[in-house]
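**Student:** So that we are looking at the same thing, I have put the structure below in structure tokens.
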Amino acid sequence: MTIHRMPPIVATLEPSNHPYLNGAWTPLHEEVDADELQVIEGAIPSDIDGVYLRNTENQIHQPLGRFHPFDGDGMIHQIAFQNGKASYRNRFLRTRCFEAEQEARGSLWGGLADPVALAKRPGFCAHGSLKDSSSTDVVVHAGLGLSTFYQCGEGYRFDPLTLDTIGPAPWVPIDGISAHPKVDEATGELLFFNYSKQAPYLHFGIVGADDKLKSYRPVPVPGPRLPHDMAFTEHYAIINDMPMFWDEELLKRDIHAVRMHDGLPSRFALVPRDGGEIRWFEAAPTYVLHWLNAYEDGDEVILDGYFQEQPMPPPRTDAPKGFGSMMAYLDEHSFRSRLHRWRFNLVDGTTREERLDEAIMEFGMINGRFGGRPYRYGYSTVSEPGWFLFTGFVKNDLVTGERWTYDLGPGRYGSEAPFAPRIGGTAEDDGYLVSFVTDENTGTSECVVLDAARIQDGPVCRIALPHKICSGTHAYWAGRAQLARGA
């Protein structure tokens, strides 16, 4: 392995006992390029070609107040595959807030758990007082990487090969864009949404394959809402209005407290992508962080995602003192997320629901070529009870009901694992799952590649990374054709 290290950044973070600033969540401040990566086990397949990108939160400066892991500074990690070889690099996203805090040599904004008054400068995002660290999600559209923030930020473009930050996408509206824009691989379009505290509160937009804004329209809701993800089909975008959102009375005092609003259903807007009339459907109250996929089936629109049985869980009694509430909201076993299906009948306006798997799981992936279209396989993560740490993966056959699992082993924590199609592959599961793994037993990190058709067999290969990386949120696979500008 050959390693080239970048000049160091300015970092002021001090040691602490915070559970999400240690262990697998220890922030990484080093930026490197690494070639000729060492293969620990197996062999790198010659029929995988593209890049795996993962966004992570890596706190750089000493927090002004009470740190939450979603406050960390955005860093993109990349592993590139071609001709049976792999290279790695990682870079902080040079956002406006990153540059401002580098110049100030310290934190300028408070975090998710802090009062608004703690910010030293006007903030960004739907919250209004946070920094836009662009640290949540990542996709590739029109040949460029796009990183996004969970409470609506500017949306930062970067080169998916060099990881050089380009800057905010020029088409982003004044209210920003939320994490989880969707790339429709069939059309090359990017579908996005945003939300704010000002009427009309919620919007949906489409950016064409040419990277130009095609449409942008309001989605009417009664007040400020907090959707986290969206889904799409061939003809619709699906935007949700869940009954968990800011307490409007407290919001008048600039206090951003979230609560479940009893008596309200979950609502789903089917927004025609061609600009037609929006239709609303109601379902059982819940909150959903992430959707798996959606598609049209005759007179129905099918939506699959992760239904939370307890969206506002009680504090974890086994958490370190003072961290019980925060750790519960980060723990899938506390909010109890299970794979679920909603069926929206376009003829009579009714909704039917069904459970697809009783296991606790989240952070699902599919073969992107089937996004918005009928599909068969979903790949989800399973997690360590009490923690936001992934311990393995589940493959669900949504036609037969079969399931297969792969466990990473004690003290080994993975990343979201997108599907990488095999070159020349035709079957939906003919490809690989790619994930980064941090091994707390050895203090090292690696990349694992699983055969998507047989995840239970374990890694096809394990590849050593040049440093221990921090756990993070979302990842994306871009094939070599997607990396070409305008592809």
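Each reported figure results from applying straightforward, stated rules to the coordinates on display, with no laboratory input. The model shown is predicted, which means the values in this text are computed figures rather than measured ones. Cβ sites come from the backbone with ideal geometry, for glycine too, and all protein chains shown count toward neighbours.
**Student:** Using DSSP to call loops (not H, G, I, E or B), can you name the chymotrypsin sites (Phe, Trp or Tyr not before Pro) in the stretch 163-257 whose Cβ has at most 12 other Cβ atoms within 10 angstrom?
**Tutor:** Within the stretch 163-257, no chymotrypsin sites (Phe, Trp or Tyr not before Pro) qualify (loop, at most 12 other Cβ atoms within 10 Å).
**Student:** Out of the stretch 13-73, which GluC sites (Glu not before Pro) are coil in DSSP terms and have no more than 11 other C-beta atoms within 10 Å?
**Tutor:** Qualifying residues, ordered by number: 36.
**Student:** Follow-up question, since we're still on this one. With charges only on Cβ, +1 for K and R and -1 for D and E, what is the dipole size of the stretch 210-279 about its Cα centre, in debye, rounded to 20?
**Tutor:** So the magnitude is around 100 debye.
**Student:** Which one of 272, 283, 293 is farthest out on the positive end of the charge dipole of the stretch 238-388, using unit charges on Cβ (Lys, Arg +1; Asp, Glu -1) and the Cα centre as origin?
**Tutor:** Of 272, 283, 293, it is 293.
**Student:** If you count the DSSP beta bridges with both ends in the chain, what percent of them are antiparallel, to the nearest 5?
**Tutor:** In the chain, approximately 100 percent of DSSP beta bridges are antiparallel ones.
**Student:** Then there is this: Return the subset of 85/468; 321/395; 131/212; 120/468; 131/214; 85/395 for which the Cα-Cα distance in this structure is over 30 Å, preserving the input order.
**Tutor:** Listed pairs above 30 Å: 321/395; 120/468.
**Student:** Can you give the helix-only mean residue ellipticity at 222 nm for the chain, where every DSSP H stretch with n ≥ 4 adds -39500 (n - 2.57) and the sum goes over all residues, rounded to the nearest 500 deg cm²/dmol?
**Tutor:** Value at 222 nm, helices only: -1000 deg cm²/dmol.
**Student:** OK, next. Which peptide among 367-374, 413-420 comes first, and what is the full order, when sorted by highest mean count of other Cβ atoms within 10 Å?
**Tutor:** 413-420, 367-374
**Student:** Let me ask another. To check my understanding: the extent here is largest minus smallest coordinate of the Cα atoms along each principal axis. What are those three numbers for the stretch 2-483, in Å, largest first?
**Tutor:** Computed over the stretch 2-483, the largest-to-smallest principal extents equal 61, 54, 48 Å.
**Student:** Highest mean first, how do 249-256, 456-463, 473-480 rank when packing is the count of other Cβ atoms within 10 Å averaged over residues?
**Tutor:** Sorting 249-256, 456-463, 473-480 by mean packing, highest first, produces 473-480, 456-463, 249-256.
**Student:** Could you go through the stretch 326-334 in sequence order and give the Karplus-derived ³J(HN,Hα) for each residue, using 6.51 cos²θ - 1.76 cosθ + 1.60 with θ = phi - 60°, rounded to whole Hz, and x for Gly and Pro?
**Tutor:** 4, 6, 5, 6, 9, 10, 4, 6, 8
**Student:** Quick check: the distance between the Cα centres of the stretch 98-175 and the stretch 274-343, to the nearest angstrom?
**Tutor:** Measuring centre to centre over Cα atoms gives 25 Å.
**Student:** Per-residue counts of other Cβ atoms within 10 Å, averaged by peptide: what ranking do you get for 127-134, 351-358, highest first?
**Tutor:** 127-134, 351-358
**Student:** Let me ask something else. Assign one of three labels to the stretch 239-319, namely rounded, prolate or oblate, based on the Cα gyration tensor with a ≥ b ≥ c the square roots of its eigenvalues; rounded applies when a/c is under 1.5, prolate when it is not and a/b is larger than b/c, and oblate otherwise.
**Tutor:** Since a/c reaches 1.5 but b/c is at least a/b, the shape of the stretch 239-319 is classed as oblate.
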